[in-house]
Amino acid sequence: MATVAGIPVHGDHWIGGERVGSPTTFDDHSPIDQTLLAQVARGGAAEVDAAVGAAHAAFPAWAATSRAERARLLHAIADGVEARLEDLAIVETTDNGALLRSHLRGVMPRVAHNFRFFADWLLELGHEDFETRGHTNHVSWDPAGVCALITPWNAPLMLATWKIAPALAAGNTVVLKPAEWTPLTASLLADITAEAGLPAGVFNVVQGYGAEAGAALVADPRVRRISFTGSVPTARTIASAAAANLTPLSLELGGKSPLIVFADADLDLAVNLAVEQYDNAGQVCLAGTRLLVEESVAEEFTARFVERATALKQGDPRDLSTDLGPNIHPRHLERIDGFVQRALEAGAKAVIGGGPNTDLGGQYYRPTLITGAAEGSEILTEEVFGPVLTLQTFTGEQQAVEMANGTRFGLAATLITGDQERAERVSAQLVAGTVWVNCFFVRDLKAPFGGSRESGVGREGGTWSFDFYCDVKNTVSAP
Ligand code: NAD
C-alpha cells in the first residue's frame, strides 16, 4: 500500500472483490517532480485470466439484478466519489499532472455525474415498442457480458468512468486496464465500489503495461465488448485481436482538430477559446490545435493571442493559481519537442514557446504557437498531444472548410463566427464527431460522442452507449 499526499492507495489489482498482487511491479512516478508514488502490480496473462474469470462468473447474477437496483448501486458509487472528491482530485493531480483546480471543480464532479447520468438513463431506456400488421415489436437492451475497458493517462478517471458507468448500468461486468502512467485513481475507485456494495467480480481492475495486461485482456474470448480510448497505433493492434474473436469494439482515438476564426467573429471570444486549447498542457484529444484564422484578422488575432498566452502561469498543478502544468512523462516531452524542433528546422517559426521550460526543470513545455509550417507537413497533420498550436490563414469559407478537413482525423471542430447562416453552412461540411459553434468543450452525456475517419469507430453517450454495451434484441409477438 502506497500513500500519496497522505492518502492510502493500493498498487495491487482488484479482482473478484479482493486485492491481488503480481510477482513483479512497475514504478509509478509523478510528472510534477518525478517522485516515486507507488510500486504497482505488473499484471499479465494470469491476472487477466483471473479477472475475466471473476467478471464472467459474476455476470449472470448482475445481469439478472433489476434495473432499479443497478441504478441504486450506481448512485451509491457516485455518493462515494463525492465523499472522496478531494482525495481523488489530489491523487489524480499527483499522478497525471493535470490541474488540481480542474479536478476539484470540473473533473471529479463529472466522474460522479457519469454514474448518476447512466443510472438515470437506464431507467428511461426502452419505450421503443411498435406494431407491424398487428404484431408487436418489443426492443430490449440485453446485457452483453464481460466488457474490457482500456483507458489512457490524460484524463484517467473521467475517461474510465465514462465507460464503466454505462457498461455496469447495462448489466455487464467490467475489467478495467488503466494506463500504466496513471494507475492510481482506478484503484481508489475499486475501494469506492466495494464500499457502495457492488457485488464482488462485477468491477475488476488489472494494472500493467499495454503489451502485457492490455494485450491479454483484448485477446480473451470471454470478453464480449472492448471499449478503448487511446492512440491510433494501439487501436490497430486491439482491432486485430478483436477480429480473432469477433468482439464488438468501440474506439475513441486521437485528433488534429481545427479551430476556425472567421473575420466576423467576436475576437475576444476567439482568443479566449484559442488559449483554452492549452488546457491540460495540451493533452486533450478534442483540442483544436490547428488555429485557422481568416487572413484579414490574423494579425490582430495573433497579437491578442500572444498577449493572453504569455500571461498563462506555468507551474505546480497543485497550486490553484496555476494555468499550465507538466506533461505526463519524460518520453512524452521528448516526443512533443521532436515535433516542434523538426518543424522549426523545416522553416516554421515559433511565435511563442518552442521548447521545454528550463526554469521549472522537470517536464514542463512552454506554450507554443507555430506559424509558417509548410502545407501537409508533420506539425500540421500529426497529433502532438502537448501545448503546441499551429496558426494558418485562409481566405473565404471554402478554403476554411478544405483546410479544416485536410487531415486523416475527424474528432472535433470549433468555429467562431458572428454569422448564424455561415455557422450552419460550414458545420454541415465539417468532418467531425462534434462541432462547437462559438463555444468549446460543452459536452452533454446524452449526446453522441466519437470520431470520424481515424479518430474512432462508433459512438458512445446516452442511448448510443447502451446500443454499444448491449445485445439489442427485437421480440416480435403475434396478436
Ligand atoms: P495509448 O494507445 O498508448 O494507450 C492507451 C491504453 O492502451 C493504455 O492503457 C495502454 O496500456 C493500452 N495499450 C497499449 N498497448 C496495448 C495493446 N497492445 N493491447 C491492449 N492495450 C494496450 O494512448 P495514450 O498515449 O495513453 O493516450 C493518448 C491518446 O489517446 C491520444 O492519441 C489521444 O488523442 C487519445 N485520446 C482520445 C480520446 C477520445 O475520446 N477520442 C480521449 C482521450 C485520449
- Among the candidates 119, 169, 160, residue that is within 16 Å of the ligand (Cβ to nearest atom) and modelled with pLDDT of 95 or more: 160
- Mind listing just one residue for me: the one in the range 1-42 that is touching a strand residue (DSSP E or B) at 6+ places or on another chain (Cβ under 6 Å), outside any strand (DSSP E or B) and in contact (Cβ under 8 Å) with a residue 24 or more places away in the chain and, of those, surrounded by the most Cβ atoms within 10 Å (Cβ to Cβ)? 11
- Item | Residue that is farthest from the ligand (Cβ to nearest atom), among those in the range 215-234 that are free of Cβ contacts under 8 Å to residues at least 40 places away in the same chain and among the small types (Gly, Ala, Ser) | 219
- Number of the condition not met by residue 360 [criteria: (1) out of contact with any helix residue (DSSP H, G or I) (no Cβ under 9 Å at 6 or more places or on another chain); (2) crowded, with 20+ Cβ neighbours inside 10 Å]: (2)
- Task: Please give the number of the condition residue 276 fails out of (1) closer than 20 Å to residue 368 by Cα; (2) in contact with a helix residue (DSSP H, G or I) (Cβ under 8 Å, 6 or more places away or on another chain); (3) acidic (Asp, Glu); (4) away from the ligand (no atom under 16 Å from the Cβ).
- Result: (2)
- Please verify whether the range 252-265 includes one or more residues that are without any contact (Cβ under 8 Å) to a residue 60 or more places away in the chain, surrounded by fewer than 24 Cβ atoms within 10 Å (Cβ to Cβ) and not in a loop (DSSP other than H, G, I, E, B). no
- Message: I need the full set of residues from the range 197-213 which are among the polar types (S, T, N, Q) and either in a loop (DSSP other than H, G, I, E, B) or more than 16 Å from the ligand (Cβ to nearest atom) (or both), in order please.
- Response: 207
- Query: Only one of these conditions is not met by residue 128: (1) within 16 Å of the ligand (Cβ to nearest atom); (2) free of Cβ contacts under 8 Å to residues at least 12 places away in the same chain. Which number is it?
  - Reply: (1)
- May I ask you to list the residues in the range 64-87 that are among the aliphatic types (A, V, I, L, M) and either over 27 Å from the mean Cα position of the chain (by Cα) or in a loop (DSSP other than H, G, I, E, B) (or both)? 64, 68
- Task: Please go through the range 170-189 and pick out each residue that is in a helix (DSSP H, G or I) and surrounded by 23 or more Cβ atoms within 10 Å (Cβ to Cβ).
- Result: 184, 185, 186, 187, 189
- Among the residues of the range 439-471 satisfying the criterion of being among the β-branched types (Val, Ile, Thr) and surrounded by 14 or more Cβ atoms within 10 Å (Cβ to Cβ), which is nearest to residue 138 (Cα to Cα)? 463
- Note on the structure: Note on residue 62: of the conditions (1) without any contact (Cβ under 8 Å) to a residue 24 or more places away in the chain; (2) touching a Pro at 6+ places or on another chain (Cβ under 7 Å), unmet is (1)
- Message: Can you name every one of the strands (runs of 3 or more DSSP E) wholly within the range 343-426 that holds 1 or more residues which are closer than 23 Å to residue 316 by Cβ and in contact (Cβ under 8 Å) with a residue 40 or more places away in the chain?
- Response: 349-352, 388-394
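The values are calculated or read from the model by the stated rules, or taken from the named source; none is laboratory data. Just so we're clear, the structure is a prediction, and the values are computed from it rather than from any experiment. Don't worry about glycine lacking a Cβ; one is built from the backbone with ideal geometry, like all the others, and counts go over all protein chains shown.
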